[in-house]
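Accompanying notes for the structure given below.
The values are calculated or read from the model by the stated rules, or taken from the named source; none is laboratory data. Note that the structure is predicted; figures quoted are calculated from it, not measured. We place every Cβ from the backbone using ideal geometry, glycine too, and count neighbours over all the protein chains shown.
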Amino acid sequence: MSAPASSSATEPLPDTMLPSAGLAPLASPLEQTVRLAFMLLSGVTVILGLIWLTGNIRAVPTDGTAVVIRYGRVISERHSGLVVALPRPFEEIRFLPSPDHQLSLRVTRDNTAYNSDETDLELQESDDFFHMEKNRDAANSSYLLTGDNSVVRLDATLFYRVVRPVAYMQALPHIQPTLRRLFYAAATDLAASHPIEDFLVIHAGTNDAGEDDEILSARRAAVRSRLVDAVNQRLIRLQGPDADSGIEITRIDLVSILPPRAKQAFDQVLTAEQAAAQNVAAAQTNAERTRQSANGERDRIRANATAAAEEFVRQASALTATISADENAMAAAPPKMRDAVALQAWRERIVTFLSKTGEITVVPAGGGQMLLAIPRTTPPQTASSGETQ
């Protein structure tokens, strides 16, 4: 029984079951999975770290400006190009419009839901007198008093640009309310010093002072320029360590609005003036047409008269050509030969004259005879058949 056991103990083991000298033991599947997951997580961490490190490397567009902020404090201002900053939360990059970029803001004062009898067409009936007066004042607050005691509402579009990016960034939440208040204040002062015609068209063609549309257009353009200057002056007054807005107004487009009842009246005036202008233009057209027709008739009569006179002169010249030739011949002849030349011319002309006569009666001078010229009577014409004369 012991012999076979000793023989099996002495048998050599297979090569696959012998431990390899100098090699680590093979890892289990779980260990390999954990190791692969750790490697993937390390790679993702490295990539995220690179993204975080390079997250504040930004390109500034040509129409923008970049401001670098470190712990809430502005450290630099960059224009178009590449900006390199520390990653967040150490530094932050904010992009702002460049000075060449135009920004716009619509400024308008809409009426409340209440309709005022002074500025609107309809009046909301209410039993509460104080409530009515309060809403009426709120509705009328959107209109400005002009220099000629009229009222007008000015809606505008303000165009501005950023001239100091850091100040603009700090005052950004207050920019629009500031512009609205400054515009309302400047518009109130400006409207009080100008008539209503400096804001909108009241008369067609020319106004009461005889000014044409070009002059009125120039006055309205000047009003807009003064309004821009007034708003910019108020912005300059606000410049300070804690109130600088960093912007500048470049242009203001105004839309002038009249109260509805006043607008109806002005529209009726414009319609009447336009109708009168059309009638005047039609009358001027008819007068010009009549004048041109008369001038044409005058020129025609003058041309016909001139042509007839020239033809008459030519005929007379042709008829008197021989007489003129005889006169010229007599003038050119010597004094002793003039009588002979005149007698020869008389003999030549008398032949033509006598050839055209039918009867010649010669009465000697001193004969005592009297000739009576009796007109010849023409016999009556015979009537046609069936009629008597």
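Brief remarks follow.
- Subset of segment 252-306 [among the β-branched types (Val, Ile, Thr) and over 30 Å from ILE196 (Cβ atoms)]: THR285, THR290, ILE301, THR306
- Taken over segment 231-250, the criterion of being part of a loop (DSSP other than H, G, I, E, B) and surrounded by fewer than 17 Cβ atoms within 10 Å (Cβ to Cβ) is satisfied by LEU238, GLN239, GLY240, PRO241, ASP242, ALA243.
- Out of GLU273, GLU248, GLU297, sole residue that is modelled with pLDDT of 90 or more and over 30 Å from ALA186 (Cβ atoms): GLU297
- When the criteria are applied in full, ALA221 meets the requirement of being loosely packed, with under 13 Cβ neighbours inside 10 Å, within 17 Å of LEU158 (Cα to Cα) and either modelled with pLDDT of 80 or more or over 25 Å from the mean Cα position of the chain (by Cα) (or both).
- Selection count, segment 59-82, where residues are farther than 23 Å from ILE247 by Cβ and either touching an Asp or Glu at 6+ places or on another chain (Cβ under 6 Å) or in a strand (DSSP E or B) (or both): 4
- Residue list for segment 22-56, filter: at pLDDT 85 or above and either at positive phi or of a type in the set (Gly, Ala, Ser) (or both): ALA37, SER42, GLY43
- Filtering ASP148, ASP110, ASP120 for residues that are over 30 Å from GLU92 (Cα atoms) and either modelled with pLDDT of 60 or more or not in a loop (DSSP other than H, G, I, E, B) (or both) leaves a single hit, ASP148.
- Among the residues listed as ARG220, ARG226, ARG251, the single one being among the basic types (Lys, Arg), over 23 Å from GLN176 (Cβ atoms), in contact with a Leu (Cβ under 9 Å, 6 or more places away or on another chain) and assigned by TED's automatic domain parsing to the domain that holds HIS174: ARG220
- Within segment 84-98, the set of residues being under 8 Å from THR65 (Cβ atoms) and assigned to a loop (DSSP other than H, G, I, E, B) comprises SER98 only.
- Residue match in segment 252-264 (condition: under 30 Å from VAL166 (Cβ atoms), touching a residue at least 60 places away in the same chain (Cβ under 8 Å) and not in a helix (DSSP H, G or I)): yes
- Listed by first and then second residue, the pairs with beta-carbon distance under 9 Å, at least 6 apart or on different chains, first residue in segment 38-59 and assigned by TED's automatic domain parsing to the domain that holds ARG70 and more than 17 Å from PHE90 (Cβ to Cβ), second surrounded by 10 or more Cβ atoms within 10 Å (Cβ to Cβ) and of a type in the set (Ser, Thr, Tyr), are ALA59/SER80.
- Among the residues making up segment 273-298, those that are more than 26 Å from the chain's Cα centre (by Cα) and either closer than 25 Å to VAL152 by Cβ or surrounded by 11 or more Cβ atoms within 10 Å (Cβ to Cβ) (or both) are ALA276, VAL280.
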